[in-house]
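This report concerns only the one structure given below.
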Amino acid sequence: MAEGLVMESHYKVSSLKGKVALITGASSGLGAAVAVLFAKLGAKLALNGRNEVKLRETAQQCEEFLKEKPFLVPGDLASEDVIKKVLEETLAHYGQLDVLVNSAGILEMGTIENTTLEQFDKVMNINVRSLYYLTHLAVPHLIKTKGCIVNISSVTGQRSFPNVLPYCMSKAAVDHFTRCVALELAAKQVRVNAVCPGVIVTEVHKRAGLTEEQYAQFLENCKETHALGRPGVPDEVAQTIAFLASDAASFITGVTLPVDGGRQAMCP
């Protein structure tokens with residue numbers, strides 16, 4: 001009997017078999033890592049990303065682990081029409097939705113003195129507004145499956161950092177959104193959680209304007225700013241997202257979980 005319980009618990013942690021998962025931001029970085037891991041764990045995938053070429057590269061990495069190829073729904077989530085299209089086409093293809101991973105996000109460098117309103121709007125539109133609207137549209141379908149949502153936030157939503165003001169504000173909004181929606185949907189058995197990564201080795205900082213030399217120094221500083229003495233890699237965040245999306249996390253909702261090598265516990 002005990003052995004059976006152990007096996008069942010292991011199965012919950014290591015499988016997303018049969019679950020339909022919509023992952024945004026899947027053309028690179030954390031979203032791509034989540035897609036590949038979900039493929040390994042047996043999920044049926046709908047993948048969104050702005051860069052269709054890179055999105056297809058992610059899909060190719062997933063295909064060796066899947067019986068059914070990922071369904072691609074490319075497009076920029078800054079557009080309300082694209083958001084509607086992404087969800088409608090996913091539902092038309094699979095007929096259901098079990099997991100929504102809100103991974104799409106952008107970073108803009110700047111302070112209150114030099115960040116333009118255009119930059120602020122750009123960050124908030126992708127990191128908060130699109131997440132809000134896609135979740136709003138997806139919720140009725142997640143209620144049907146008693147599914148779950150995992151948002152990708154950041155340590156910057158929990159701790160203050162200079163020179164990335166709109167990004168910090170957007171991730172603080174994602175954290176509170178996660179908690180509020182978790183309470184609203186708990187009675188309907190839809191779980192809502194977020195992961196809050198520290199520095200993860202992706203292209204996001206270089207896309208925001210750091211040179212190769214600046215980025216190398218940024219990663220070197222992680223030896224001091226992260227308790228574990230290094231930055232993270234995308235798969236470390238993806239593993240946590242997979243856990244929260246799985247039945248192993250069936251009693252977890254409203255959590256904003258640091259995956260940051262201890263950075264949120266560090267004193268400045």
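Here is how the numbers come out for the structure above:
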| read-out | value |
| --- | --- |
| Cα convex hull of the range 33-125, projected area averaged across orientations, nm² | 6.9 |
| Computed [θ] at 222 nm, helices only, for the chain once each DSSP H run of length n ≥ 4 contributes -39500 (n - 2.57) | -15000 deg cm²/dmol |
| Most to least accessible of THR90, THR256 (protein chains only, probe 1.4 Å) | THR256, THR90 |
| Accessible surface of MET266 - all protein chains present, 1.4 Å probe, nearest 10 Å² | 60 |
| The chain - percent relative contact order, Cα under 8 Å, separation 6 or more | 19 |
| Inter-probe distance in nm under a simple model that places probes 7 Å from Cα toward Cβ, at ASN51 and LYS188 | 3.5 |
| Potential lengthening between LEU66 and LYS206 on full extension [0.36 nm per residue; Cα-Cα distance subtracted] | 47.2 nm |
| Of the DSSP H helices in the chain, those whose Cα atoms cover at least 24 Å axially and whose Kyte score averages -0.5 or more | 165-185 |
| Protein accessible area in the chain, 1.4 Å probe - carbon and sulfur % | 55 |
| Label-zone membership for the range 50-83, site LYS17, 7 angstrom Cα→C-beta point, backbone N under 18 Å | 64-69 |
| Surface per residue (accessible, 1.4 Å probe) for the range 198-268, Å² | 55 |
| Which of LYS17, LYS67, LYS85, LYS171 is most accessible, then next, and so on - probe 1.4 Å | LYS67, LYS17, LYS85, LYS171 |
| Given 15 as the ceiling on other Cβ atoms within 10 Å, longest exposed-site-free region of the chain for GluC sites (Glu not before Pro) in DSSP loops | 114-202 |
| Length-normalised contact order for the range 55-167 - Cα pairs under 8 Å, 6+ apart - percent | 33 |
| Positive dipole terminus of the range 110-244, leading residue within LEU165, ALA238, HIS141 (C-beta point charges) | HIS141 |
| Along each principal axis, Cα extent of the range 90-138, largest first, Å | 48, 14, 13 |
| Nearest-10 value in Å² for the accessible area of TYR167, using the 1.4 Å probe | 40 |
| Simple spin-label estimate for LYS84 and ARG230 in nanometres, 7 Å along Cα-Cβ | 4.7 |
| Rg/Rh ratio calculated on Cα atoms of the chain (Kirkwood radius) | 0.96 |
| Cα-based shape type of the range 64-112, given that a ≥ b ≥ c are square roots of the gyration tensor eigenvalues and the cut on a/c is 1.5 | prolate |
| Test item: Cα-centred dipole of the chain, Lys/Arg +1 and Asp/Glu -1 on Cβ, debye | 620 |
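The values are calculated or read from the model by the stated rules, or taken from the named source; none is laboratory data. Values in this document were obtained by computation on a predicted structure and should not be read as measured data. Heads up, the Cβs are rebuilt from the backbone with ideal geometry, glycines too, and the neighbour counts pull from every protein chain shown. These area figures cover heavy atoms from the full protein model, side chains too; ligands, DNA and RNA do not enter into them. Shrake-Rupley method; radii C 1.70, N 1.55, O 1.52, S 1.80 Å.
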